[in-house]
1. Give just the number: which of (1) in contact (Cβ under 8 Å) with a residue 40 or more places away in the chain; (2) surrounded by fewer than 18 Cβ atoms within 10 Å (Cβ to Cβ); (3) polar (S, T, N, Q); (4) in contact with a strand residue (DSSP E or B) (Cβ under 8 Å, 6 or more places away or on another chain) does Gln234 not satisfy?
2. Hey, could you check segment 109-142 for residues that are more than 10 Å from the ligand (Cβ to nearest atom) and in contact (Cβ under 8 Å) with a residue 60 or more places away in the chain and say which is surrounded by the most Cβ atoms within 10 Å (Cβ to Cβ)?
3. If I ask for residues that are in a loop (DSSP other than H, G, I, E, B) and buried (at least 16 other Cβ atoms within 10 Å of the Cβ), which ones from segment 170-225 would you list?
4. Scanning for something loosely packed, with under 15 Cβ neighbours inside 10 Å and more than 16 Å from the ligand (Cβ to nearest atom), does segment 238-258 turn up at least one residue?
5. Leu296 versus (1) outside any helix (DSSP H, G or I); (2) closer than 17 Å to Gln92 by Cβ; (3) modelled with pLDDT of 90 or more: which is the lone unmet condition?
6. Any idea which of Gln167, Gln104 is touching a residue at least 60 places away in the same chain (Cβ under 8 Å) and either buried (at least 19 other Cβ atoms within 10 Å of the Cβ) or more than 13 Å from the ligand (Cβ to nearest atom) (or both)?
7. How about segment 266-277: which of its residues are of a type outside the set (S, T, N, Q), buried (at least 19 other Cβ atoms within 10 Å of the Cβ) and within 19 Å of Glu97 (Cα to Cα)?
8. Scan (1) within 18 Å of Gly83 (Cα to Cα); (2) within 15 Å of the ligand (Cβ to nearest atom); (3) in contact with a Gly (Cβ under 7 Å, 6 or more places away or on another chain) for the single condition Cys205 breaks and write down its number.
Amino acid sequence: MKRVGAPEVPSRAALSAPEMTTKQAPQALKAPEVVVPPAAPRSSAAHRHGGPGAGAGLQRLEVQRVFGPAQPKTGESNIILVGAPASGKGTQAKLLESKYGLVQISTGDLLRKAKGSPLGDEAATYMSAGKLVPDALVMKLLEQRLHALGTPPKGFILDGFPRTLAQAQGLSALLQGLGAKIDRVIVLEVPAQTVIGRISGRRSCGDCGEVYHLENKPPKKSGCCDKCDGPLIQREGDTVEKVKVRLDAFEAQTAKVIPFFERRGIVSRVDADRDSAEVLSDVTQILEPAPGGAGLAPLAAGE
Ligand code: AMP
């Protein structure tokens, strides 16, 4: 079966990846509580860089409203999750955030939170059509978010970024300037049919953003969020027609970022057409090499 983002020729990384099986699990794993690190003052380094909003159209207050306060350093590795819409990037990012104390940066979430600002409203017209938001606009948001992590930014998971070759190149240049790098790129592979099924049944809380699925992860009370009782909504880009546009954008543009990172030898591929716990188990094996090797150490209890 053709997988979204599957390589024509298996890469070295793909050949050395752990053996995986494809089986459809009945229930999605309920994500554990996400560890939210306490807010910390922005580092002086971030100030040196002008902090969020430097040279950009957004005012500092607007940036704080969108991003919240700067977060302290947690895990050290910087990871990118690449995958078609609904490949499970957001779910895996949250699980990794909890397991390793990393910080999830979802450009989709940043763009949604920016709604009401000139930048957010411009982005919304593309998002509701299922199209990619222009590179310059997303780069600006991403740059501001990375600066808010301190210099060099460490311990982040990019979820939904980069989505074009220009973004991948922009990210590399940006990180180089900040003295940081990407340690691993994990490609979550799913068949197009799975993407369509997952997206058309997806609902999210209009208040807290918690994500549900009408079949795989239904809310206890129809139409209401289990966590905050907020209204469950279908995102504008989540209809079947828009999903097809988004899948085309993935194939035409986002899949091109994979060879960019493969040339740097940091790509691993995971079969993401499975229960999120099984996917996490493979991702964990990739991020935690044999004892003695460099890699991520899970948080100890209470950390
Ligand atoms: P997501 O929540 O990651 O599925 O993103 C939702 C929508 O936000 C996408 O369909 C795009 O319209 C937009 N978007 C998110 N991230 C990016 C990006 N890196 N580049 C361009 N558009 C993006």
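1. All conditions are met except number (1).
2. Leu119
3. Ala180, Ile182, Asp183, Gly201, Gly209, Glu210, Asn216, Pro219, Cys225
4. Within segment 238-258 (the criterion being loosely packed, with under 15 Cβ neighbours inside 10 Å and more than 16 Å from the ligand (Cβ to nearest atom)), the answer is no, since none of the residues qualifies.
5. Going through (1) outside any helix (DSSP H, G or I); (2) closer than 17 Å to Gln92 by Cβ; (3) modelled with pLDDT of 90 or more one by one, Leu296 breaks only (3).
6. Going through Gln167, Gln104 in turn, the sole match is Gln167.
7. Within segment 266-277, Val270, Ala272 qualify.
8. All conditions pass for Cys205, except number (1).
The values are calculated or read from the model by the stated rules, or taken from the named source; none is laboratory data. Please read these numbers as outputs of a predicted model, since none were measured by experiment. Because the Cβ atoms are built from the backbone with ideal geometry, glycine has one as well, and the counts that use them run over all protein chains shown.
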